Amino acid sequence: MCIAVFLWQAHPLYPLILLQNRDEYHSRPTRPLAWWEGGQVLAGRDELAGGTWLACSRDGRVAFLTNFREVKKLPEAKSRGDLPVRFLQSKKKPAEFAEEVVKEADQYNGFNLILTDIGSKTMVYVTNRAKEGDCSVTKVEPGTHVLTNATLNSPWPKAERLGTNFKELLSKNGEKEVPMKEMVEKLMMNTVKDDESMLPHIHPPEWEYPLSSVFVDSDSPLGRYGTRSISALFVKTTGGVDFYERHLENELWKEQTLTYQIEDYEQSEVRISAGPTKSVWLICQE
């Protein structure tokens, strides 16, 4: 499973701050963060299915994905990892692409998808597991949000821990620049697990318990499973983008940071709401 925490349109220096862990079997072939063919899409790549879990583009759009924890799965479903790539390559607005996804949502296993256009300050959430398999599209409001393997706002304990710690760290820095690597180390490397009574009980506890921490490292009958990469994507009000990735390669951790400037970006102020921060919870099972 994967987990992401993000701040959207609620900081004077950053329209978007995003941290995401990708959990997968260690044996699954994966390429680290890099510019894809054509130089417009920046993402890691799942070499088995060809898609990605998090991607951004030079024109200021971002998409990220988590899978839905469920028991039943389609035997010949389309790859969910294609959705972020298709959005960035389509040049469509988030709402327009979301409508396209809705029409074919029944061809995928359960997913949560966030589609973002920094320039137009637009973010939408798409899931095909809203209620009994229905697909829904929801505008994401400014504030702090956590994305896991359940529907938007599901208060899973690991999501609540991450959201609380994220807001505390942001509050500590006030309106100053946010320390990217410090946030990665303090938030996304957390190995605290839930009490068995707090697990979702969708799968047996011997499978869910090792996955109940933000950073996952476990053994399974199919091999070692856990956090394969940690990503931090910071978009500045100036249009600058910093994309940091710490990834596991041959059982060794490597890291890199890629930076670029959003094309034709017009700087604008981020309006900070005086009201309480709205929290949204989402989680991802591979």
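The numbers here are math on the coordinates, done by the rules we state, and not lab data. On a predicted model such as this, the values are computed, not experimentally measured, just so you know. Using ideal geometry, Cβ is built from the backbone for each residue, glycine included, and neighbour counts are taken over all protein chains shown.
The table below lists the values:
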| item | result |
| --- | --- |
| Pairs, first part of a helix (DSSP H, G or I) in the stretch 180-204, second small (Gly, Ala, Ser), C-beta under 7 Å, six or more apart | MET180/ALA232; MET183/ALA232; VAL184/ALA232 |
| Checklist (1) touching a strand residue (DSSP E or B) at 6+ places or on another chain (Cβ under 8 Å); (2) surrounded by 13 or more Cβ atoms within 10 Å (Cβ to Cβ); (3) not basic (Lys, Arg) applied to LEU222, failing item | (2) |
| Members of the stretch 163-207 found to be within 22 Å of LYS236 (Cβ to Cβ) and among the aromatic types (Phe, Trp, Tyr), listed by number | PHE166 |
| Scan of the stretch 221-267 for residues that are of a type in the set (Gly, Ala, Ser) and either in contact (Cβ under 8 Å) with a residue 40 or more places away in the chain or closer than 20 Å to PRO210 by Cα (or both), ordered by number | GLY223, GLY226, SER229, SER231, ALA232, GLY239 |
| The listed residue being surrounded by 14 or more Cβ atoms within 10 Å (Cβ to Cβ) and more than 17 Å from LYS181 (Cα to Cα), out of LEU211, LEU258 | LEU211 |
| Hits in the stretch 225-244 - residues which are surrounded by fewer than 16 Cβ atoms within 10 Å (Cβ to Cβ) and charged (D, E, K, R) | ASP242 |
| Checklist (1) under 27 Å from GLN261 (Cα atoms); (2) within 14 Å of the chain's Cα centre (by Cα) applied to ARG80, failing item | (1) |
| Close pairs from the stretch 69-83: first without any contact (Cβ under 8 Å) to a residue 40 or more places away in the chain, partner exposed (fewer than 15 other Cβ atoms within 10 Å of the Cβ) and in a loop (DSSP other than H, G, I, E, B), Cβ under 8 Å, at least 6 apart | SER79/ALA49; SER79/GLY50; GLY81/ALA49; GLY81/GLY50; ASP82/ALA49; ASP82/GLY50 |
| Count of the stretch 10-24 residues which are of a type in the set (Lys, Arg) and either touching a Leu at 6+ places or on another chain (Cβ under 6 Å) or surrounded by fewer than 21 Cβ atoms within 10 Å (Cβ to Cβ) (or both) | 0 |
| Residue within the stretch 36-43 that is surrounded by fewer than 21 Cβ atoms within 10 Å (Cβ to Cβ) and more than 28 Å from PRO179 (Cα to Cα) present | yes |
| Filter pass, SER171 being among the polar types (S, T, N, Q), within 30 Å of PRO15 (Cα to Cα), part of a helix (DSSP H, G or I) and out of contact with any Cys (no Cβ under 8 Å at 6 or more places or on another chain) | yes |
